[in-house]
Amino acid sequence: MNNKKAVVVGAGIAGMAMARALSLKGFKVTVIERSDKAVGASIRNFGMVWPVGQPSGLLYESALLSAEIWKTSAAEAGFFADAVGSFHLAYHQDEAQVLQELYDVYHKERNLQLMTPGEVLQKSPATVKEGLLCGLYSPTEVIVDPVEAIAALPAYLKSKFDIDFIWGKAVLEIKDLQVSTSDCAYSADLVMVCSGADFEHLYPDYFKQLPITKCKLQMMRIESQPEGWRIGPALCGGLSLIHYNSFKAAKSLNVLKERFQQELPEYLNWGIHVMVSQNGKGELIIGDSHEYANTFDPFDKQFINTMIIDYLKTFATFKSDKISASWNGIYPKLTNGNAYLFEQVELGVYVFNGLSGAGMTLSFGLSTKLIEEIY
């Protein structure tokens, strides 16, 4: 029987991952979530578990561990997970040069394959053939349906790890290891605050001192493809090469950036890079953009969606391209270049936050490693 008690604030992916890691260390865990179900950034994303984008070391190792935990959890909980990998596609010589350099740097460590146009098309019927020079294939990426997966995880974590969930209760104060809602207080030996873009309400003075902002992204969903048609690996255009930290290993990346600055300045202004993944229903998730501020216009900008679709058509084509939904999400992002925030804000109380859009990729593995370090 577990004698140590932990309270986790927030039932998004970071909170659930931390709850799992604490349970494995012998804590009896209670997760408190202000909403009746998770509705934030954890369900408003591609569902991509994306090791290829993480730099070598702790982050890449955490992403690989996350991918394995996702696959195990999906098999045991019964939700969709597809270890289909990813393609980064080149239609310009400078993009092909970057892919060659990334292959040279990473292919032994990451089992990357630099494929010819014919090999790419065999693996992905959704790839635009005209002008294709090559594709860098990574086998490590896993696709889940974020809406389905995040909805299924609480019952699974309750059943397998005896983690309790309290829904529809906002945490109003944490003091002396007492976590208070409007009608109850929960004592704990350890508290983890994993409440995403809203944690400043619990620690406003601490939040003001952090190098942190918020990011708004826009995304869309294309209806299920007819007759069970699948696109194969997740697909990315050239703009994605300047988005992920792992790709900074390419020596000629700045040459590619300079061309984008000249030819696609509005894409860079709105932080647009374009990717597509496919869920178990056959729907396609496409996006995204990146706006940075502390407060946002709540409405989507249609011109951003149009820009995303226009660029998507340069490297991907589908049986159906009918948009069935669009949305935006908001997540916290550190401005000092760090990939996450994990700090003790008072005795026994930690903040785990600032995963900068990589929550699905990092949370399971990183929380496991962080808890290993402190216990």
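The values are calculated or read from the model by the stated rules, or taken from the named source; none is laboratory data. What you are looking at is a predicted structure, and each value in this text was computed from that prediction instead of being measured. Neighbour counts are summed over all protein chains in view; Cβ atoms, including those assigned to glycine, are modelled from backbone coordinates with ideal geometry. For accessibility, only protein heavy atoms count, side chains too; no ligands or nucleic acids. Shrake-Rupley method; radii C 1.70, N 1.55, O 1.52, S 1.80 Å.
For a quick check of your reading of the model, give me the residue pairs whose first member lies in region 137-164 and is on the phi > 0 side of the Ramachandran plot, whose second is among the aromatic types (F, W, Y) and open to solvent by 30 Å² or more (accessible area, probe 1.4 Å), with beta-carbon atoms closer than 8 Å and at least 6 apart or on different chains.
Hits for this filter: zero, empty list.
Inside region 196-251, can you point out the residues that are farther than 26 Å from A325 by Cβ and acidic (D, E)?
Residues satisfying the conditions are E200, D205.
Identify the single condition in (1) open to solvent by 10 Å² or more (accessible area, probe 1.4 Å); (2) touching a Gly at 6+ places or on another chain (Cβ under 8 Å); (3) free of Cβ contacts under 8 Å to residues at least 60 places away in the same chain that D189 does not satisfy, given that it satisfies every other one.
(3)
Can you tell me which residue in region 214-232 is nearest to E283 (Cα to Cα), limited to those that are in contact with a helix residue (DSSP H, G or I) (Cβ under 8 Å, 6 or more places away or on another chain) and open to solvent by 10 Å² or more (accessible area, probe 1.4 Å)?
The residue in question is G232.
Tell me, yes or no, whether region 70-81 has at least one residue that is crowded, with 17+ Cβ neighbours inside 10 Å, in contact with a Lys or Arg (Cβ under 6 Å, 6 or more places away or on another chain), farther than 23 Å from F247 by Cβ and touching a residue at least 12 places away in the same chain (Cβ under 8 Å).
Restricting attention to region 70-81, the residues satisfying the condition of being crowded, with 17+ Cβ neighbours inside 10 Å are 70, 73-74, 77, 79, 81.
Going one step further and asking which of them are in contact with a Lys or Arg (Cβ under 6 Å, 6 or more places away or on another chain), we end up with 81.
If we keep only those that are farther than 23 Å from F247 by Cβ as well, we get 81.
After this cut, where a residue has to be touching a residue at least 12 places away in the same chain (Cβ under 8 Å) as well, the list is 81.
Looking through region 70-81, at least one residue is crowded, with 17+ Cβ neighbours inside 10 Å, in contact with a Lys or Arg (Cβ under 6 Å, 6 or more places away or on another chain), farther than 23 Å from F247 by Cβ and touching a residue at least 12 places away in the same chain (Cβ under 8 Å).
Can you name every one of the strands (runs of 3 or more DSSP E) wholly within region 139-183 that holds 1 or more residues which are open to solvent by less than 10 Å² (accessible area, probe 1.4 Å) and under 23 Å from E200 (Cβ atoms)?
The strands (runs of 3 or more DSSP E) meeting that bar are 178-180.
Would you mention how many residues in region 204-213 are under 22 Å from the mean Cα position of the chain (by Cα) and either crowded, with 19+ Cβ neighbours inside 10 Å or not in a strand (DSSP E or B) (or both)?
So in region 204-213, the residues under 22 Å from the mean Cα position of the chain (by Cα) come out as 210-213.
Next cut, either crowded, with 19+ Cβ neighbours inside 10 Å or not in a strand (DSSP E or B) (or both) only: 210-212.
Final tally of qualifying residues: 3.
Output the qualifying pairs, or none if there are none: Cβ atoms under 9 angstrom, residues six or more apart or on different chains, first residue in region 233-255 and crowded, with 18+ Cβ neighbours inside 10 Å and at pLDDT 95 or above, second residue part of a loop (DSSP other than H, G, I, E, B) and among the acidic types (D, E).
Taking only residues 6 or more apart or on different chains, the pairs are P233/E141; A234/E141.
Looking only at region 1-11, count every residue that is crowded, with 24+ Cβ neighbours inside 10 Å and part of a loop (DSSP other than H, G, I, E, B) and tell me the total.
Within region 1-11, the subset crowded, with 24+ Cβ neighbours inside 10 Å is 6-11.
If we keep only those that are part of a loop (DSSP other than H, G, I, E, B) as well, we get 10-11.
So the answer is 2.
If you check every pair at least six apart or on different chains, which have Cβ atoms under 7 Å apart with a residue in region 1-26 that is closer than 13 Å to A188 by Cα first and a residue that is basic (K, R) and surrounded by fewer than 24 Cβ atoms within 10 Å (Cβ to Cβ) second?
N2/K28; K4/K28; K5/K28
When you go through (1) surrounded by fewer than 24 Cβ atoms within 10 Å (Cβ to Cβ); (2) closer than 30 Å to Y103 by Cα one by one for G135, which number turns out not to apply?
Looking at each condition in turn, G135 falls short on (1).
Could you go through region 177-192 and let me know if any residue there is closer than 23 Å to G337 by Cβ and either at pLDDT 90 or above or within 25 Å of the chain's Cα centre (by Cα) (or both).
Of all residues in region 177-192, those closer than 23 Å to G337 by Cβ come to none.
There is no residue in region 177-192 that is closer than 23 Å to G337 by Cβ and either at pLDDT 90 or above or within 25 Å of the chain's Cα centre (by Cα) (or both).
Can you name every one of the helices (runs of 4 or more DSSP H) wholly within region 24-133 that holds 1 or more residues which are among the polar types (S, T, N, Q) and within 22 Å of the chain's Cα centre (by Cα)? Reasoning before the result, please.
Working: elements: 58-77, 93-110, 117-123.
Result: 58-77.
Just to be sure I understand the filter: pairs with C-beta atoms under 6 Å, separated by 6 or more residues or on different chains, first member in region 195-209 and among the acidic types (D, E), second member assigned to a helix (DSSP H, G or I) and open to solvent by less than 40 Å² (accessible area, probe 1.4 Å). Which pairs pass?
What qualifies is E200/F207.
Quick one: would you say S195 is buried (at least 21 other Cβ atoms within 10 Å of the Cβ), at negative phi and touching a helix residue (DSSP H, G or I) at 6+ places or on another chain (Cβ under 9 Å)?
Values: buried (at least 21 other Cβ atoms within 10 Å of the Cβ): yes; at negative phi: yes; touching a helix residue (DSSP H, G or I) at 6+ places or on another chain (Cβ under 9 Å): yes.
Yes, satisfied.
Across region 312-348, what is the total count of residues that are modelled with pLDDT of 95 or more, within 30 Å of G282 (Cβ to Cβ) and of a type outside the set (K, R)?
Residues flagged as modelled with pLDDT of 95 or more, within 30 Å of G282 (Cβ to Cβ) and of a type outside the set (K, R) within region 312-348 amount to 14.
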